[in-house]
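Inspection log for the structure reproduced underneath, given as structure tokens.
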């Protein structure tokens, strides 16, 4: 009896089989791959240089024309920029150049001439008003049944002159006031130091509420239709420009007016103007003042209930007696 033994030949693994990555690095270095890549880049650069050389030989003339065109374009751009700069500089200088003295003098002369004409017309209107009043009184005196107009209505409407005692409030601009500043209050300090139309409105309303019978500012009589406004930095009363100092005259009992006005918001407003902006405020009494009648009166018509003719109404109302 014999026994046959089958034997298999087995290959033992290498001791460094678990270090495949390190073995690959050692046995197959990467230098040849880098060298091949560098060679390819070198060949590509040589081909590109050869192509540029061929283009220079065949298209030299066209490249020269293109370069000249680019040069002309740069020169043209520089010239246009310089021209634009000169235009802007000229415009700025023109804006800052003072106006023609002759034109300014002519404008001032025209203003003075028109102002003188307006004064002459106002004086003529006063003469005609006096004549009309005299004729009216003569006609009414001969007709006992004719309606009469009480003095209070005439005074309130500003159609007649008023003489009597009263209160005088004088307002003057503060130090450093800039003539011609347009916006009142809340602008620059120079504009705040000026007496504004709103200040005069407050004073006029304060005097009316204190019991004044008639009020005038620099000789301009105030009525229910009086407008106190500002234009270009100038204060307008009855659409006539006034200049400081502003003298506000009120007919009434001097002591009563002074005591009542001191309790109004207008008096506190004037106190604040003096403290903050240096605006001068002087209050005094007078035993006799003459307040002129309004230069021009606009007639207003009433409408009968159920009628078709509308009443004409004032456009502006700043203070009411």
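Taken together, the criteria place residue 263 among residues that are surrounded by 11 or more Cβ atoms within 10 Å (Cβ to Cβ), out of contact with any helix residue (DSSP H, G or I) (no Cβ under 6 Å at 6 or more places or on another chain) and at pLDDT 90 or above. Checked against (1) in a helix (DSSP H, G or I); (2) crowded, with 17+ Cβ neighbours inside 10 Å; (3) modelled with pLDDT under 75, residue 207 meets all criteria but (3).
Checking each residue of region 171-178 against the condition of being surrounded by 15 or more Cβ atoms within 10 Å (Cβ to Cβ), at pLDDT below 85, within 40 Å of the chain's Cα centre (by Cα) and farther than 30 Å from residue 286 by Cα gives at least one match. Screening the candidates 156, 109, 84, 78 for the property of being within 30 Å of residue 220 (Cα to Cα), under 42 Å from the mean Cα position of the chain (by Cα), surrounded by 10 or more Cβ atoms within 10 Å (Cβ to Cβ) and modelled with pLDDT of 75 or more yields one hit, 109.
The values are calculated or read from the model by the stated rules, or taken from the named source; none is laboratory data. Every value quoted in this text rests on a predicted model; they were computed, and no experiment measured them. Here Cβ is always computed from backbone atoms with ideal geometry, including for glycine, and neighbour counts include all displayed protein chains.
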